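Below: the structure, in structure tokens.
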Amino acid sequence: IQGLPAGLRVDFDFVNSQLRRRQGGYGRGGRMKIETDQAQYLSGVRLGKTIGAPVTLLIENKDWANWQDALSVDDRPLAQEKYKPLSPPRPGHADLAGCLKYNFREGRFILERASARETASRVAVGAMAQLLLANFGIEIASHVTAVGEVELPPKPVPWERIRALREQQEIILSCVDPETEAQMKAEVDKALKTKDSLGGTFEVIAHNVPPGLGTHTQWDRRLDGLLAQAIVSIQAVKAVEIGSGITNASSFGSNVHDAISYDGKKSSFIRPTNRAGGIEGGITNGEDVVVRGYLKPISTLRQPLESVDLETKKSVKAAYERSDICVVPAAGVAGEAMVAWVLAGAFLDKFGGDSLKEMSRNFEGYMNQVKQF
């Protein structure tokens with residue numbers, strides 16, 4: 001991690017708790033029984049605080065030991081008793097596209113890097129970004145709004161209820177409504193019985209974000225564009241929404257845009273609604289930043305779809321690897337990390353500073369300017 005200011009206290013337990021949350025949720029598969037993720041700090045942290053140097057984190061990939069000895073480094077035959085080739089390719093996964101790109105005849109080398117296992121590192125560095133933002137009152141949390149056809153009723157959810165999910169010891173499906181969560185759980189059970197998989201939707205909220213992060217001046221620095229790319233980069237996410245963007249597209253402007261008023265007591269501009277999701281013109285406007293990710297069902301099915309053998313080109317069933325049934329809650333945790341990462345980057349761009357004290361002075365000066373506007 002490059003750019004963290006010196007003097008940031010690292011809450012090691014918080015980082016590891018985020019890694020545990022990523023592994024939880026109803027519908028996870030056998031891989032979660034192998035890994036127990038904890039971050040090790042190799043550089044950039046001394047006496048519990050950052051020192052301004054790059055922070056290096058290490059998370060063990062224990063499943064690698066199940067087949068690493070089988071790899072050949074001198075053209076000797078692979079030890080087939082340990083190494084399990086992945087062929088034929090699985091529809092919906094990176095297997096075929098990656099094999100064509102890198103000229104492999106089987107997908108093991110594609111699978112390992114394309115796997116959502118990679119999000120463990122994202123969650124760890126995202127947790128560090130959250131620690132930075134927390135110094136300035138910014139908090140980030142997520143909740144699940146849909147699993148399969150079961151959706152949370154479309155009404156505002158108080159921030160406190162969403163935040164409380166982050167503190168739960170046992171993660172089921174991270175839905176704020178127990179009745180809806182029970183229906184979601186039944187949907188996952190149905191998919192398990194039919195050897196299928198389920199997608200869904202998660203929502204990430206960044207609370208107490210100041211106005212002015214991001215910019216309208218360059219297309220590739222607009223904050224909504226950066227957030228959209230960050231969320232869609234999460235494995236299985238195929239669409240993203242900021243605010244109520246999808247509903248807005250089929251509505252009249254008078255029912256979409258958030259009216260502006262001024263609160264003299266707080267010396268701040270306020271909006272009765274937040275359909276923009278806290279971003280206007282690529283810039284945060286002081287409301288909560290709201291981003292949703294839409295996941296397709298996991299690509300690996302216990303009842304595989306049709307595929308093609310890469311050697312013979314004959315039609316066969318796709319390969320099967322142990323897999324999850326539903327990962328929407330875990331994707332929400334990865335979504336929190338990605339939102340935190342993007343916001344922290346925008347925060348550093350705006351307020352800079354080599355130490356936390358310097359950054360705090362810059363932030364306080366700007367917030368006084370906003371208050372006196």
Exercise for review: May I ask you to verify whether Asp354 is over 20 Å from Arg28 (Cβ atoms), open to solvent by less than 50 Å² (accessible area, probe 1.4 Å) and of a type in the set (Asp, Glu)?
Suggested key: no
Check your understanding: What's the number of the condition Ile171 fails, among (1) within 30 Å of His93 (Cα to Cα); (2) open to solvent by less than 60 Å² (accessible area, probe 1.4 Å); (3) modelled with pLDDT of 95 or more?
Key -> (3)
Check your understanding: What number of residues in the stretch 286-304 are open to solvent by 50 Å² or more (accessible area, probe 1.4 Å) and touching a Gly at 6+ places or on another chain (Cβ under 8 Å)?
Key -> 3
Revision key, fill the gap. Scanning the stretch 189-227 for residues that are over 22 Å from Phe373 (Cβ atoms), part of a loop (DSSP other than H, G, I, E, B) and not hydrophobic (A, V, I, L, M, F, W, C) gives Thr194, Lys195, Asp196, Ser197, Gly199, Gln218, Arg222
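Here is a list: Lys185, Lys190, Lys195. Which entry is touching a Phe, Trp or Tyr at 6+ places or on another chain (Cβ under 6 Å) and charged (D, E, K, R)? Break it down stepwise before answering.
Numbers: Lys190 fails: touching a Phe, Trp or Tyr at 6+ places or on another chain (Cβ under 6 Å); Lys195 fails: touching a Phe, Trp or Tyr at 6+ places or on another chain (Cβ under 6 Å).
Being touching a Phe, Trp or Tyr at 6+ places or on another chain (Cβ under 6 Å) and charged (D, E, K, R) holds for just one of Lys185, Lys190, Lys195, which is Lys185.
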Review point. Is at least one residue of the stretch 156-164 acidic (Asp, Glu), surrounded by fewer than 21 Cβ atoms within 10 Å (Cβ to Cβ) and free of Cβ contacts under 8 Å to residues at least 24 places away in the same chain?
Key: yes
Point to revise | Residue count, the stretch 228-237 (criterion: open to solvent by less than 30 Å² (accessible area, probe 1.4 Å), in a helix (DSSP H, G or I) and in contact with a strand residue (DSSP E or B) (Cβ under 7 Å, 6 or more places away or on another chain)) | key: 2
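For the stretch 189-212, how many residues meet the condition of being more than 20 Å from the chain's Cα centre (by Cα) and under 24 Å from Ile246 (Cα atoms)? Talk me through it step by step, then tell me what you get.
Filtering the stretch 189-212 for residues more than 20 Å from the chain's Cα centre (by Cα) gives 189-196, 210-212.
From what is left, the residues that are under 24 Å from Ile246 (Cα atoms) are 211.
So the answer is 1.
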**Study point:** Members of the stretch 238-247 found to be polar (S, T, N, Q) and either over 21 Å from the mean Cα position of the chain (by Cα) or part of a strand (DSSP E or B) (or both), listed by number
**Key:** Thr247
Revision key, fill the gap. Inside the stretch 248-285, the number of residues satisfying the requirement of being without any contact (Cβ under 8 Å) to a residue 12 or more places away in the chain and open to solvent by 80 Å² or more (accessible area, probe 1.4 Å) is 9
Point to revise | Scan of the stretch 20-69 for residues that are at pLDDT below 70 and either surrounded by 15 or more Cβ atoms within 10 Å (Cβ to Cβ) or outside any helix (DSSP H, G or I) (or both), ordered by number | key: Gly29, Gly30, Arg31, Met32, Glu35, Asp63, Trp67
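The values are calculated or read from the model by the stated rules, or taken from the named source; none is laboratory data. Bear in mind the structure is a predicted one, so any value in this text is a computation, not a measurement. For neighbour counting, all protein chains shown are included, and Cβ atoms are generated from backbone atoms with ideal geometry for every residue, glycine included. Side chains are part of the model used for accessible areas, which takes the heavy atoms of the whole protein and leaves out ligands, DNA and RNA. Shrake-Rupley method; radii C 1.70, N 1.55, O 1.52, S 1.80 Å.
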